[in-house]
Amino acid sequence: MQTMTRRNILSCFGLGMAPGWLARAVTGGKKTMVVVFLRGAMDGLSAVTPFGDKAYAGHRPTLRVADPIDLDGFFGLNPALRSWKPLWDSKQLAIVQATGSPDTTRSHFDAQDYMESGTPGRKGTRDGWLNRALTEEKAASPIRAVALGANLPRALRGPQAAVAVNSIASFKVRDDAQGDFMSMYANSKDTVLKSTSHETFEAVKLIDSINKQSYSPATGSAAYPGSRFGQSLLQIARLIKAGAGMEVAFTDITGWDTHINQAPQLNNLLGDLSAGLAAFHEDMGSRMQDIVVVTMSEFGRTARENGNRGTDHGRANCMFVLGGGVKGGQVHGQWPGLGPEQLYENRDLAITTDFRDVLGELTAKHLGNKNLAAVFPGYSPKFRGIL
Amino acid sequence: MLRRTVAVLLLPALFAAIPVSFQKKLSKAERIDHVLNRLTFGVTDADRAAIAHLGVEKWIDLQLHPERMPENPALLARLAQLDSLPMSSDQIAEKYPPANVIRQLVRSGRIDQVKDPVMRARLERYEERLKKNGKVESAPFLLTPEETKTLRQGTLEERKAFLAKQDPAMRDAILARLPGGRQDVMNGSDLGLRREMIAAQQPNQVVYHDLTDAKMMRAVQSTHQLEEILADFWFNHFNVFYDKGINRMLTSSYEREAIRPHVLGNFKDLLLATSQHPSMLFYLDNWTSMSEEAAERGRGKKKAQGLNENYARELLELHTMGVDKGYTQKDVTEVARCFTGWSITAPRVGGSFTFHQRMHDGGEKLVLGHRIPAGGGKEDGLKVIDILMEHPSTARFIATKLAQRFVADEPPPALVDRMAKSFTRTKGEIRPMLQAMFSSPEFWSEGAYKAKMKMPFEMVASALRATNAQVDSTVVLTQHLASLGQPLYKKVEPTGYYNSAEEWTNSAALLGRMNFAMALTSNKVPGVRVVIAPSEARAKGLALGGPEFQRH
């Protein structure tokens, strides 16, 4: 395992040329929050199955999870998440049930947009909640906020510098053209491109220094899946271990919109999710004390399966929270029940915990940003005791 | 899966950038620059000459009437080689079947009925490969060591000469597992050999190759530039996703029949054609949507699903009215009921549109305040389209989207109003809307000049045009586009790609553009050749990767 030390990260910049953010990045501010968006609406009722709810089996004649891993006598983990059972047992994995957004849209993009902006029902919000979760810093690391992928997600857009990184190795300007491009963009009258390019080149320099360090995961068994998600987590792990001041990281998995023939698709997706995060957890080792991972999905799926062995757009879902400081080994949140009169519109699991309660608690207690009124304008998150 | 709302486009851009003025007029030089940038995939010397000769107005008029201009013969010759482009889905299923079709053929034993022995061997080989998780074995056992050496180390010409001597089955088997020089074939100038090799390896990849090759080459070479921009625009507006199941057989005919004939025609024809094309019916699941009674009758049967609202929702939200522009969830459900029974025959081989009375909800519906009486059958869906065509939200939404493409991310409301009025007055004619836009003071203002960020496809095409690049193969270009954030025909979400600066302004994409520009000008994009003096290559690369070239 290679960890970047203060000395070798400084050496990358040359003596006396260390940028201001570096001291802070290397000495303090080492908490990281990793956000995983499950796009397409995960079937939470299959991921964490309420086998103790009398109405459950009747709703799911073919999709009922037959052999859940019992968590507390009422809820069970989908067997595809079995690699998380040790994390549950060591109380590093918490589940929040019946979470969601108060806006009742069943449109994927609306619901995702609201969750990423952090302002359900308000389309006018310009920036994303995860960007606002970053505090104003004069000397912040250029990679304080990183999204894995080609595009910056809505959640990370906003005034604080945030970069989209496809991969550490490819994040650079080739052919020694960087200096020329830097001055061209710096002198441009195009303010949008000028500011983006400034962030970009700062990040390029830092990530290049990280790329020069060799990296192998903590243990041989920390095998990240070859999937896009697994490889994204591997990049996130490298950036965390580099100690270069990354505060938030964002990645996603698409394909959860299982209207038809759900079971095999969900099996693959949950397998990818659990294998990736289990590898990440193992790789991070004791660093998990400073890390919290949270999953979110735009809405849940119908309580009843449809006629095509699938499920349609619903309401409440579950969120997973993983980390050393998490009050794990328990299912948080109030269970609204699956009986016909308990369901929202006699169709969907009702929401009892606003998703902003979970994200707000993590933002305040883990990232240390107490100004939640700015992160989630118009809403006062209620802490649920997850941390 | 679906990330952001179209409504975001209507909001002020995230970073209010250059102060805009839609009143300030452009100079004559700026006008020519502007119209060439906006109405083509990038300025070329030939365009400058043409517009100098014709004058701006006449040039625009010709672009609005592409049938009056002969197409570039080099492009037509290229397209003629892409034999999957004109194919029906059945023909694609037969000649370029995707993996699931091959699997069914093999498992049902019907592979013996495939008459062509080359094709039969190809399918068996592909099935074998699928079982082995895609591992390709090279073909040395078919060949002598000498022959293997020729293929590994020879030039493209030597390889071609060797392959020409083989009988068809042997040639196909060798191409499937070429022991060397795959990249040479993939990026070389022999389009036929490249397609043959792809077919020997993964038959359906030929269809994707042809679609992307045609799209890229049309953008670069077509004399009908505006028509090509609109083909891209309307496909994106009515987006379907190539990799969703049978769309690997349907996307070609979708673009060819549902989109391209109508790009300058009437919006209603686009709506009708897309609503009835199996590609859209499959992509947004309408083909399985049925009344609750039908679902009840079919309980226990595989496809008895019930009402599916996906198409209905996107029809209102993305195709016509715009999100939250005057419809309710109840309207979505009612529209979905109207479209029950609009389905696909023989879906496993692509199929075609059909109406299934037994799936249809025969009851009365109320759509946006209009009563649709019981018993309308297939006509219900057509009535919905009529209602949507007349709704003011549709006129406004389509006008806004067009103005966002051609004028600015936040188009001036007065211009949008005039375009919407044109839509309403002409009952959805697209050409008059464009004419209204191209003759508006707003289009010719400083507020519009260089106000648009190029999308990656536009950036790449304009760079190829600016360098007068010779494009032998678009395979690597297509890969570049995917890493720049715009994989062709593979936008998962029905939103299509967002045509606003903020969507494309981020670090990874910006670096990607700089790197593409440097690679192109130093002849490091396989399949593409530019003629630039070595002493000028660097400066040209910096120009194409620099801030000015990212706008148009």
Mean-position separation - Cα centroids, the range A:315-364 and the range A:63-105, in angstrom: 11
Estimated FRET transfer efficiency (B:Arg425, B:Leu54; beta-carbon r; R0 30 Å; 0.05): 0.55
10 Å Cβ neighbours from other chains, averaged over peptide B:314-324: 2
Gain upon complete extension [B:Ser189, B:Asp167; 0.36 nm per residue less C-alpha separation]: 5.6 nm
Per-pair calculated FRET efficiency, R0 = 35 Å: A:Ala373 and B:Asp472 via Cβ, rounded to 0.05: 0.05
When the convex hull of its Cα atoms is projected in every direction, mean area for the range B:99-203 (nm²): 6.7
Measure of compaction for the range B:225-390 (Cα Rg per 2.2 N^0.38 Å): 1.01
Within the protein assembly as shown, percent of DSSP bridges classed antiparallel, to nearest 5: 55
Distance in nm between pseudo-label sites at A:Thr352 and B:Glu548 (7 Å out along the Cβ direction from Cα): 6.4
Fraction of beta bridges assigned by DSSP in chain A that are antiparallel (%, nearest 5): 40
Rg in Å to one decimal, and Dmax rounded to a whole Å, for the range A:170-258 via C-alpha atoms: 16.6, 51
Cα-projected label distance for A:Ala223 with B:Met69, points at 7 Å along beta-carbon direction, nm: 5.7
A:Gln342 paired with B:Leu366, simple spin-label distance in nm, labels 7 Å along Cα-to-beta-carbon: 3.4
Linear extension gain, B:Glu390 paired with B:Glu30, 0.36 nm per residue minus alpha-carbon span: 125.8 nm
Computed over chain A, Cα set: Rg, Dmax in Å: 21.2, 69
Cut-off of 10 Å, at most 13 other beta carbons, DSSP loop: longest stretch of chain B lacking such trypsin sites (Lys or Arg not before Pro): B:166-298
Difference of contour (0.36 nm per residue) and Cα-Cα distance, A:Ala186 to A:Asp103: 25.7 nm
Cα convex hull of chain B - mean projected area over all directions, nm²: 27.6
Förster radius 60 Å - calculated FRET efficiency between B:Glu94 and A:Ser380 (Cβ-Cβ, nearest 0.05): 0.45
Longest to shortest principal axis, alpha-carbon extents of the protein assembly as shown, angstrom: 81, 76, 74
Descending semi-axes in whole angstrom, ellipsoid equivalent of the range A:34-171, from the Cα gyration tensor: 34, 20, 14
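The numbers here are math on the coordinates, done by the rules we state, and not lab data. These figures come from a predicted structure and were not determined experimentally. Here Cβ is always computed from backbone atoms with ideal geometry, including for glycine, and neighbour counts include all displayed protein chains.
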